[in-house]
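Quick note: the coordinates plus some simple rules give every number you see, no bench work behind them. Everything numeric in this text was worked out from a predicted model, so none of it was measured. Note that we place each Cβ from the backbone using ideal geometry, even for glycine, and neighbour counts take in every protein chain shown.
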Amino acid sequence: MYAALGSRVPAATCRNQPVHHALGCVYLFTRRFDDSLAEFELALRLNPNFSLAQGYYGLALSYCGRWEEGNVAARRALRLSPRDPFSAVYYGIAAYANFVGRNYDEAIRLSRDSLRQRSDFVGAHRVLTSAAGMAGKTDIATAASQEIRRAQPNISLAWIAGQMPIKLEADREHYLEGFRRAGLG
């Protein structure tokens, strides 16, 4: 379905930044990383203040292992629209970027900021769980592991490995190791 949508849009001629944002998301979650980054970059060239594209661009960069750039993009989204309904997502993206960069305490802090705004945000629960596991913060990891099972009952290492569009195998294994250390088997 996603591939069919992507092939029907004349992206090169479209000047509608939400279309490019949507295509960036489709390409990201179908693991067409270069196409995803190109669509987000085009959306942001058309409108540099498009906070949603800025945030998801940060996610795409982070999934591609470019965590420092991803962190900058997520924080730019927060600065552009601090009261945005998606700000919990932007905090979660910044948390994931910091996790990839092995800044576990910052990833934990940002995950908690995200969850304060939206307690059901599964992405922030996942980052909190894995970051606490990697940081050796057993109490936080145990509580986060219980919460992630409540927020996402089908969570498993196999689900994470198969569904999370993480480009680099080393980053995927790093993320999975955090869940293992947090007690998710």
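Data table
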quantity	calculated
Selection status of residue 157, under 16 Å from the mean Cα position of the chain (by Cα), more than 26 Å from residue 86 (Cα to Cα) and surrounded by fewer than 16 Cβ atoms within 10 Å (Cβ to Cβ)	no
Residue within the stretch 51-65 that is in contact with a Phe, Trp or Tyr (Cβ under 6 Å, 6 or more places away or on another chain) and not in a helix (DSSP H, G or I) present	yes
Unique match (being surrounded by fewer than 17 Cβ atoms within 10 Å (Cβ to Cβ), more than 28 Å from residue 44 (Cα to Cα) and among the acidic types (Asp, Glu)) among 84, 105	105
Helices (runs of 4 or more DSSP H) fully within the stretch 77-180 counting 3 or more residues that are among the polar types (S, T, N, Q)	104-117, 138-151
Complete set of residues in the stretch 124-160 that are of a type in the set (S, T, N, Q) and closer than 18 Å to residue 171 by Cβ	129, 130
Count of residues meeting criterion [hydroxyl-bearing (Ser, Thr, Tyr) and more than 13 Å from residue 23 (Cβ to Cβ)] in the stretch 34-67	3
Which listed residue, of 110, 78, 115, is closer than 27 Å to residue 53 by Cα, surrounded by 14 or more Cβ atoms within 10 Å (Cβ to Cβ), among the hydrophobic types (A, V, I, L, M, F, W, C) and out of contact with any Asp or Glu (no Cβ under 9 Å at 6 or more places or on another chain)	110
